[in-house]
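**Student:** One structure, pasted below without further comment.
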Amino acid sequence: MTRQNLKGLDRGELTTFFASLNEPAFRARQLFRWMYGRAAQNFEEITDFAKPLRARLQEVATLETLTLETRQISHRRDAEKFLFRLMDGVHIESVLMHDQASNRPARHTLCISSQVGCPVDCKFCATGLMGLLRNLRPGEIVDQVLQAKRLSGSKALAGSPITNVVVMGMGEPMLNYDALLKACYLLGDAEGPNLAPRRIVISTSGIVPKIERFTKEGHKFRLAISLNATTDDVRNQIMPINRKYPIAALLQAAREYTRQSKQRVTFEYILLDSINDSLADAERLKILTRNIPCKINLIPYNPIAEAHQSSSGLETLLAYRRPSFERIEAFLANMREGQNTVTLRWSKGDDIDAACGQLWTKVEKAKILA
Ligand code: SF4
């Protein structure tokens, strides 16, 4: 008999499950608290349940858990990367970044994956080279947070070292929309990881119909858009998704999101040497975002020094480079003359391939190359 995986189920689904065992509804709440709030790995840990119930659950159900394969810590100790194996043997990565600015409380942000690989094929991104292996299920998305909490030594809800979650790891979140949203609500639950919606950021390459749906449904999670170019010509080259959803349509969707949600949108702009980092680009970027309440994050590119021979024999040379410090500074100074908030973000964890655009599990890569 196949055992039912309970991780990823919401309260209503857990209630139905316990009803099928002729157990009272309050069991659902107990399990919910243990599974999501205290990151219980198995039924034996759930001491609220008597032994016979734990044994019964063991027979008919599981709490599928990600298995940690490796954990790397950056030299500066400001980032750690977790490589997790899923139940079917594929792998994903999550990155925990520590930000200890002196003028505000420490921030511990976990960057999580939404898919195994990614179908969007952004040309500067290592994950894009993998292609899409499969979508993650809600339980697998949530479990990245639960496992990172356990691994980083927190106990239960209080004292969690994870203060923020960004869905910017492997995959395009909006192409796994339903599973992702379900996971975000589980992460935000007061009896689960208890992350306020404003502390969960969903980052998209620009899947316009899904941004429109997200806006229409009125979710409180934050939205970030990976813009990276100021002309369709350049964006078509580096982000082929732009051919389907060009800049004008994307910005219109972003504008509408800010209007309806009353929240700012974040634009991420990866600076690529001699591709999108000219002062003319900075001027255009200011004009494009002028009437959109937003924050702009400039992210100097993290090089991926690899030539990749894919299984189809197509060779992709990752030839993008980080601009010089002077070019980055000039771009930033120009942008600061505009009306929107602009920040320069140096990615953490570049020495362990954990920075923006560098996630590409070595294990999956080895399989692809085999
Ligand atoms: S940048 Fe994001 S959307 Fe683009 S290929 Fe990489 S993971 Fe996919």
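**Student:** Name the residues whose placed amide hydrogens come within less than 5 Å of the amide hydrogen of ALA61, ignoring near sequence neighbours (fewer than 5 apart) on the same chain.
**Tutor:** GLN4
**Student:** Ok, one more. Quick check: the distance between the Cα centres of the range 181-224 and the range 1-61, to the nearest angstrom?
**Tutor:** First find each Cα centre; the distance between them is then 26 Å.
**Student:** State which entries of LYS182/LYS216; LYS81/LYS220; LYS81/LYS295 exceed 24 angstrom in Cα-Cα distance in the structure shown.
**Tutor:** Working: LYS182/LYS216 16 Å; LYS81/LYS220 28 Å; LYS81/LYS295 27 Å.
The answer is LYS81/LYS220; LYS81/LYS295.
**Student:** Along the positive direction of the dipole of the range 80-187 (beta-carbon charges: Lys, Arg +1; Asp, Glu -1; about the Cα centre), which of LEU96, ALA183, PRO161 reaches farthest?
**Tutor:** Selected residue: PRO161.
**Student:** Which value, in debye to the nearest 20, gives the size of the charge dipole of the range 224-285 about its Cα centre, when Lys and Arg are +1 and Asp and Glu are -1 at the Cβ? Let's see the in-between values first.
**Tutor:** Values: 8 positive and 8 negative charges, 94 e Å.
Charge dipole, the range 224-285, about its Cα centre: 460 debye, nearest 20.
**Student:** Oh, and also: Using a probe of 1.4 angstrom, how much of the accessible area of the chain is carbon and sulfur, in percent? If you can, show how the numbers build up before the last one.
**Tutor:** Details: 8400 of 16310 Å².
Carbon and sulfur atoms account for 51 percent of the accessible area of the chain.
**Student:** Let me ask you something else. If HIS75, HIS108, HIS91 are ordered by their accessible area, calculated over protein heavy atoms with a 1.4 Å probe, which sequence runs from highest to lowest?
**Tutor:** Values: HIS75 160, HIS108 35, HIS91 10 Å².
Per-residue accessible area, sorted high to low, gives HIS75, HIS108, HIS91.
**Student:** What does DSSP give for the range 63-205 in terms of the percent of beta bridges that are antiparallel, rounded to the nearest 5?
**Tutor:** Values: 21 of 27 bridges.
So the antiparallel bridges amount to about 80 percent of the total.
**Student:** So if I place +1 on the C-beta of Lys and Arg and -1 on the C-beta of Asp and Glu, and nothing else carries charge, what would the dipole magnitude of the range 1-113 be about its Cα centre? I want it in debye, nearest 20.
**Tutor:** Numbers: 17 positive and 14 negative charges, 66 e Å.
Charge dipole of the range 1-113: 320 debye, to the nearest 20.
**Student:** Right, another one. Let me check I have the definition right: for the chain, take the eigenvalues of the Cα gyration tensor, multiply each by 5, take square roots. What are those semi-axes in whole Å, largest first? Could the numbers behind the result be given before it?
**Tutor:** Details: eigenvalues 277, 101, 75 Å².
Semi-axes, largest first: 37, 22, 19 Å.
**Student:** Follow-up question, since we're still on this one. Could you tell me what percent of the DSSP beta bridges with both partners in the chain are antiparallel, to the nearest 5? Provide the component values of the computation, followed by the final result.
**Tutor:** Working: 24 of 50 bridges.
Antiparallel bridges: around 50 percent, rounded to the nearest 5.
**Student:** Taking the chain as a Gaussian network, where each spring joins two C-alpha atoms under 10 Å apart, which residue of LEU223, LEU251, LEU21 fluctuates the most?
**Tutor:** Sorting by GNM fluctuation, first place goes to LEU21.
**Student:** Where Rh denotes the Kirkwood radius from the mean inverse Cα pair distance, what is Rg over Rh for the range 23-156? Please report the intermediate quantities before stating the final value.
**Tutor:** On the way: Rg = 17.6 Å, Rh = 16.9 Å.
When Rh is taken as the Kirkwood radius, the ratio is 1.04.
**Student:** Using helices alone, I'd like the mean residue ellipticity at 222 nm for the chain: each DSSP H run of four-plus residues gives -39500 (n - 2.57), total over residue count, nearest 500. Could the numbers behind the result be given before it?
**Tutor:** Working: 12 runs with 119 residues, N = 370.
Computed ellipticity for the chain at 222 nm equals -9500 deg cm²/dmol.
**Student:** In square angstrom, what is the accessible area per residue of the chain with a 1.4 angstrom probe?
**Tutor:** Working: 16310 Å² over 370 residues.
Roughly 44 Å² per residue, with all protein chains present.
**Student:** Any idea what the dipole of the chain comes to, in debye rounded to 20, about its Cα centre with Lys/Arg Cβ at +1 and Asp/Glu Cβ at -1?
**Tutor:** Details: 51 positive and 40 negative charges, 207 e Å.
Dipole of the chain, to the nearest 20 debye: 1000 debye.
The values are calculated or read from the model by the stated rules, or taken from the named source; none is laboratory data. This one's a predicted model, so the numbers in the text were calculated from it and none came from an experiment. Because the Cβ atoms are built from the backbone with ideal geometry, glycine has one as well, and the counts that use them run over all protein chains shown. Calculation scope for accessible area: heavy atoms of the full protein, side chains included, ligands and nucleic acids excluded. Shrake-Rupley method; radii C 1.70, N 1.55, O 1.52, S 1.80 Å.
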